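K.L.:
First the structure, which I've put down as structure tokens, then a few questions once you've had a look.
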Amino acid sequence: MQISPELRRRFAEANRVLVLTGAGVSAESGVPTFRGGGQTSIWKGLPFDVISSATMVERDLPAVWEWFDYRRNVLASLTPNAAHQEIARWQDRFAEFTLVTQNVDGLHQKAGSRDVVELHGNIWRARCTRCRFSHDISTEGKRPDACLECGNFLRPDVVLFGEMLPLGAFEFAAERAARCELCLVIGTSGLVYPAAGIPEIAKAADAYVCEVNPEPTPLSDLCDEVITGKAGEVLPLFRS
Ligand code: OAD
């Protein structure tokens, strides 16, 4: 497990860098990934893509909240790991640094990352199903039962299966990908689009694309370099 001299040089010289992260970047903090290691996340017998779906919000919103309350509870005691911390250090190092994450856990922000592009929302926010008013539920002992603006139902402010990405988030990420010089793809299975399209955009625009993952992914082949290893062990190597 090492960083090539070519990658080291590009990292040292780049002006515009884009990092795309997935669940694997939080794995060493104790957050279970959705896929990988032969496992798929299941909640009370329901696969995560069923419980975390737009259909389920319509059919059984309390069950969706039960699953998200459980996840928030698990996350509350977890802390950023060496990978989150390293990525947070990078933001002031390049003229243009863009962190795009598929994670909803808020650990990048906890590590100090600013302006994180959240493609799939954030578990620490709830949003009104009618007026879309956003509620911070990170500090509440108990989340509000109804919208504080209009009294309608609240739902987790995350992207569920069958739903569109938040307006503008992907477009912004795609624009940054199209002009980055170096794209690091860290801890994502590369199976969920449009997020997985971001490294493809970077590659098409001639960026050097590097993957960090203990397992190969469908994105591995397009990468200029694949570092097989855990994010928390690989990323600190960029410093040495
Ligand atoms: P996945 O669970 O699909 O993939 C996690 C990836 O992380 C796998 O490729 C693992 O090999 C890798 N991995 C595991 N441990 C790692 C470590 N220590 N360091 C680096 N990599 C590691 O997660 P995502 O790709 O993020 O969407 O999944 C994409 C989306 O699918 C999620 O955002 C979620 C889910 O549906 C929504 O919730 C909308």
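The values are calculated or read from the model by the stated rules, or taken from the named source; none is laboratory data. These numbers come from a predicted model, not from an experiment. So basically every Cβ, Gly included, is an ideal-geometry build from the backbone, and we count neighbours across all protein chains shown. Just so you know, the surface numbers come from the protein's heavy atoms only, side chains and all, with ligands and any DNA or RNA stripped out. Shrake-Rupley method; radii C 1.70, N 1.55, O 1.52, S 1.80 Å.
K.L.:
For residues that are part of a helix (DSSP H, G or I) and more than 11 Å from residue 29 (Cα to Cα), scanning just segment 82-106, find the one that is most open to solvent (accessible area, probe 1.4 Å).
P.N.:
Residues of segment 82-106 part of a helix (DSSP H, G or I): 82-90.
Subsequent filtering for residues that are more than 11 Å from residue 29 (Cα to Cα) retains 85-90.
Numbers: 85: 82, 86: 3, 87: 0, 88: 12, 89: 122, 90: 7 Å².
So the residue we want is 89.
K.L.:
Right, here's the next one. Those residues that are away from the ligand (no atom under 12 Å from the Cβ) and either aromatic (Phe, Trp, Tyr) or within 20 Å of residue 108 (Cα to Cα) (or both), I need them from segment 182-198; list them, please. I'd like the intermediate steps shown before the answer.
P.N.:
Narrowing segment 182-198 to residues away from the ligand (no atom under 12 Å from the Cβ): 182-183, 197.
Hits for segment 182-198 are 182, 183.
K.L.:
Could I ask something else about it? Do any residues in segment 106-122 that are touching a residue at least 24 places away in the same chain (Cβ under 8 Å) have Cβ atoms under 7 Å from those of residues that are of a type in the set (D, E, K, R), where the two are at least six apart or on different chains, and which pairs are they?
P.N.:
121/157; 122/157
K.L.:
Let me ask something else. Kindly indicate whether residue 163 is over 30 Å from residue 206 (Cβ atoms), open to solvent by 20 Å² or more (accessible area, probe 1.4 Å), in a loop (DSSP other than H, G, I, E, B) and within 12 Å of the ligand (Cβ to nearest atom). Can you show your working first?
P.N.:
Details: over 30 Å from residue 206 (Cβ atoms): yes; open to solvent by 20 Å² or more (accessible area, probe 1.4 Å): yes; in a loop (DSSP other than H, G, I, E, B): yes; within 12 Å of the ligand (Cβ to nearest atom): yes.
For residue 163, the condition - over 30 Å from residue 206 (Cβ atoms), open to solvent by 20 Å² or more (accessible area, probe 1.4 Å), in a loop (DSSP other than H, G, I, E, B) and within 12 Å of the ligand (Cβ to nearest atom) - is met.
K.L.:
With (1) within 14 Å of the ligand (Cβ to nearest atom); (2) modelled with pLDDT under 90; (3) of a type outside the set (A, V, I, L, M, F, W, C) as the list, and residue 102 as the residue in question, which single condition is left unmet?
P.N.:
Tallying (1) within 14 Å of the ligand (Cβ to nearest atom); (2) modelled with pLDDT under 90; (3) of a type outside the set (A, V, I, L, M, F, W, C), residue 102 fails exactly one: (2).
K.L.:
Determine whether segment 138-149 contains at least one residue that is assigned to a strand (DSSP E or B) and open to solvent by 50 Å² or more (accessible area, probe 1.4 Å). Spell out the reasoning first.
P.N.:
Here is the first cut: in segment 138-149, the ones assigned to a strand (DSSP E or B) are 146.
Applying the additional criterion that residues be open to solvent by 50 Å² or more (accessible area, probe 1.4 Å) yields none.
No, every residue in segment 138-149 fails to be assigned to a strand (DSSP E or B) and open to solvent by 50 Å² or more (accessible area, probe 1.4 Å).
K.L.:
Something else: Select from segment 190-240 the residues that are within 19 Å of residue 98 (Cα to Cα), out of contact with any Gly (no Cβ under 9 Å at 6 or more places or on another chain), hydrophobic (A, V, I, L, M, F, W, C) and not in a helix (DSSP H, G or I) and list them in ascending order.
P.N.:
205, 207, 209, 210, 223
K.L.:
Identify, by number, the condition in (1) in contact with a helix residue (DSSP H, G or I) (Cβ under 7 Å, 6 or more places away or on another chain); (2) away from the ligand (no atom under 13 Å from the Cβ); (3) more than 23 Å from residue 72 (Cα to Cα) that residue 171 doesn't meet.
P.N.:
The number of the failed condition is (1).
K.L.:
Looking only at segment 107-116, which residues are surrounded by fewer than 19 Cβ atoms within 10 Å (Cβ to Cβ) and outside any loop (DSSP other than H, G, I, E, B)?
P.N.:
110 - this is the single residue of segment 107-116 that is surrounded by fewer than 19 Cβ atoms within 10 Å (Cβ to Cβ) and outside any loop (DSSP other than H, G, I, E, B).
K.L.:
Still on this structure: With respect to residue 42, determine if the residue is open to solvent by 20 Å² or more (accessible area, probe 1.4 Å), modelled with pLDDT under 90 and either of a type in the set (Gly, Ala, Ser) or out of contact with any His (no Cβ under 8 Å at 6 or more places or on another chain) (or both). Show your work before the answer.
P.N.:
Working: open to solvent by 20 Å² or more (accessible area, probe 1.4 Å): yes; modelled with pLDDT under 90: yes; either of a type in the set (Gly, Ala, Ser) or out of contact with any His (no Cβ under 8 Å at 6 or more places or on another chain) (or both): yes.
Yes; evaluated as a whole, the condition is true for this residue.
K.L.:
Return the only residue of 179, 155 being more than 15 Å from the ligand (Cβ to nearest atom), modelled with pLDDT of 95 or more, on the phi < 0 side of the Ramachandran plot and of a type outside the set (A, V, I, L, M). Give the steps one after another, and end with the answer.
P.N.:
On the way: 155 fails: more than 15 Å from the ligand (Cβ to nearest atom).
Matching residue, one of 179, 155: 179.
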